[in-house]
Amino acid sequence: MMKFLIAHRIQDYENVQDEAVREAYGSILSFVGILTNLFLFVFKFLAGTLSGSVSITADAINNLSDAGSSVISWISFKLSNRPADEEHPFGHARYEYIASLVVAFFILFLGIELIKSSFDKIVHPEAVSFSYLSAIILAVSIAAKFWMFSYNRKYGKLLNSTVMAATAADSISDCMATGAVLLSTCLSPLIHFNLDGYMGVVVALFIIVAGGKIVKETLDMLLGKSPDKDEVKAIIDFIKAYDGVLGIHDLMIHDYGPGKRFGSVHVEVDAHEDIFTSHDMIDNIEREMNQALQIQMVIHMDPIDLLDEETNEMRSEMKMIVQKIHPDLSIHDFRMVRGTTHTNLIFDCLVPHHVNMDNVEILAGINERLAYLNKTYYVVVTFDRAYTTDIKQS
């Protein structure tokens with residue numbers, strides 16, 4: 001049904017990188033979510049009122065909140081599609097992250113309120129009458145919510161949409177929560193014990209866990225989350241596929257919302273290669289990466305002298321020295337400046353965040369090991385911290 005609706009309502013629907021197409025997807029999916037949740041709210045509220053079940057009524061109110069979440073999703077797609085301007089040169093795509101956060105806090109608020117009403121029901125239990133109508137409505141609700149989870153997860157991945165991913169997570173938690181309510185409705189008359197309030201607490205916990213997870217994931221994106229290892233590896237492999245690339249380092253990725261990713265990286269090239277040839281290769285990498293991976297990359301070109309045997313030998317030696325201090329340390333931008341009394345070894349040392357050593361400790365280790373090689377060598381080290389996941393870049 002959803003695929004049919006999208007194919008007939010969205011022109012060029014396969015071009016999901018286009019912002020207008022993306023907005024159209026968001027509008028349709030949000031509208032379907034609003035209608036479905038309102039439908040479920042009306043029938044669940046009726047069933048909860050007739051049966052006197054606080055858990056069914058609470059589940060109905062949860063569906064009403066989900067309808068509100070779909071409205072927020074629709075607004076976020078509209079706002080995030082606004083073009084870049086002077087005040088926001090990277091566009092407005094992060095509105096989706098803000099919308100996800102609003103949805104999450106709304107979910108958490110409802111979960112907390114539901115726990116309060118459920119505890120009151122435990123302390124002051126009331127008789128809950130079983131009806132086939134209530135059971136059928138709850139079963140239909142589970143099926144509808146699973147359908148919503150399926151299409152939100154599918155199109156959330158397709159569009160790289162955090163707000164749709166949040167909606168999918170909320171929908172699957174609703175399936176489990178409504179399942180708990182259905183279990184309570186069926187079991188309570190059989191065991192002659194009112195499970196209504198207890199199941200209300202279970203529903204609330206599902207809601208709170210789902211909301212907390214969305215808060216964490218959205219805050220990660222707003223604060224600046226490191227790209228995952230698969231994405232970093234794809235970028236590294238893409239750049240290293242070019243013949244003139246000798247190594248890369250200092251990779252940084254900036255996420256300004258779905259479809260708005262920018263990055264920078266240093267690429268090492270042969271210092272004796274024609275500079276125009278190397279520059280042409282760098283231009284090609286930037287352009288083709290934007291087309292293939294949808295990342296606007298700025299590349300800094302670092303020339304490496306491969307004909308100086310002493311420099312090459314000391315570069316290899318220094319790599320082994322730092323890896324003896326810690327196997328995940330690495331160096332780049334290595335060069336030698338020779339003098340009459342001593343030689344400076346100048347390089348950057350990349351220290352991943354999980355390496356629990358400070359700069360003074362690492363530098364002391366380098367100097368201690370270097371003294372055994374040549375006492376006229378002095379190191380000048382710039383310490384870098386990794387801005388991506390810990391994958392070897394050089």
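The values are calculated or read from the model by the stated rules, or taken from the named source; none is laboratory data. All figures in this text were calculated on a predicted structure; none of them were measured in a lab. Virtual Cβ from ideal backbone geometry, glycine too; neighbours counted across all protein chains shown.
Annotations for the structure displayed:
- Selection within the stretch 1-42 - within 21 Å of LEU114 (Cβ to Cβ) and buried (at least 19 other Cβ atoms within 10 Å of the Cβ): GLY33, THR36, ASN37, LEU40, PHE41
- For the stretch 69-90, the criterion of being aliphatic (A, V, I, L, M), in contact with a Lys or Arg (Cβ under 9 Å, 6 or more places away or on another chain) and either within 24 Å of LYS213 (Cβ to Cβ) or assigned to a helix (DSSP H, G or I) (or both) is met by none of the residues.
- From the list SER141, SER226, SER171, the one residue that fits, being surrounded by 24 or more Cβ atoms within 10 Å (Cβ to Cβ), at pLDDT below 85 and either in a helix (DSSP H, G or I) or hydroxyl-bearing (Ser, Thr, Tyr) (or both), is SER171.
- Members of the stretch 110-150 found to be touching a Gly at 6+ places or on another chain (Cβ under 9 Å) and of a type outside the set (A, V, I, L, M), listed by number: GLY111, SER117, SER118, PHE119, ASP120, LYS121, HIS124, PRO125, GLU126, SER129, SER134
- One residue stands out in the stretch 376-388 among those that are part of a loop (DSSP other than H, G, I, E, B) and modelled with pLDDT under 80: the one that is farthest from ILE346 (Cα to Cα), namely THR388.
- Any hit, the stretch 369-392, residues being within 28 Å of ALA234 (Cα to Cα), among the polar types (S, T, N, Q) and in contact with a His (Cβ under 9 Å, 6 or more places away or on another chain): no
- Taking residues in the stretch 27-54 that are over 23 Å from SER161 (Cα atoms), and partners anywhere that are acidic (Asp, Glu) and in a helix (DSSP H, G or I), the pairs with Cβ atoms closer than 7 Å and at least 6 places apart or on different chains are LYS44/ASP59; SER53/ASP196; VAL54/ASP196.
- Filter result for GLY111 (in contact with a Phe, Trp or Tyr (Cβ under 9 Å, 6 or more places away or on another chain), surrounded by 22 or more Cβ atoms within 10 Å (Cβ to Cβ) and in contact (Cβ under 8 Å) with a residue 60 or more places away in the chain): yes
- Qualifying residue in the stretch 349-357 (condition: crowded, with 17+ Cβ neighbours inside 10 Å, outside any loop (DSSP other than H, G, I, E, B) and out of contact with any Lys or Arg (no Cβ under 7 Å at 6 or more places or on another chain)): yes
- Pairs, first under 14 Å from ASP333 (Cβ atoms) in the stretch 304-315, second of a type in the set (Gly, Ala, Ser), C-beta under 8 Å, six or more apart: ILE304/GLY247; ILE304/ALA271; ASP305/ALA271
- Of the residues screened, LYS233 is not one that is basic (Lys, Arg), touching a Lys or Arg at 6+ places or on another chain (Cβ under 9 Å), in contact (Cβ under 8 Å) with a residue 40 or more places away in the chain and not assigned by TED's automatic domain parsing to the domain that holds SER161.
Table: residues versus (1) surrounded by fewer than 19 Cβ atoms within 10 Å (Cβ to Cβ); (2) over 24 Å from LYS260 (Cα atoms); (3) among the aliphatic types (A, V, I, L, M).
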{"site": "ILE56", "(1), (2), (3)": "no, yes, yes"}
{"site": "ASP59", "(1), (2), (3)": "no, yes, no"}
{"site": "ILE75", "(1), (2), (3)": "yes, no, yes"}
{"site": "ILE115", "(1), (2), (3)": "yes, yes, yes"}
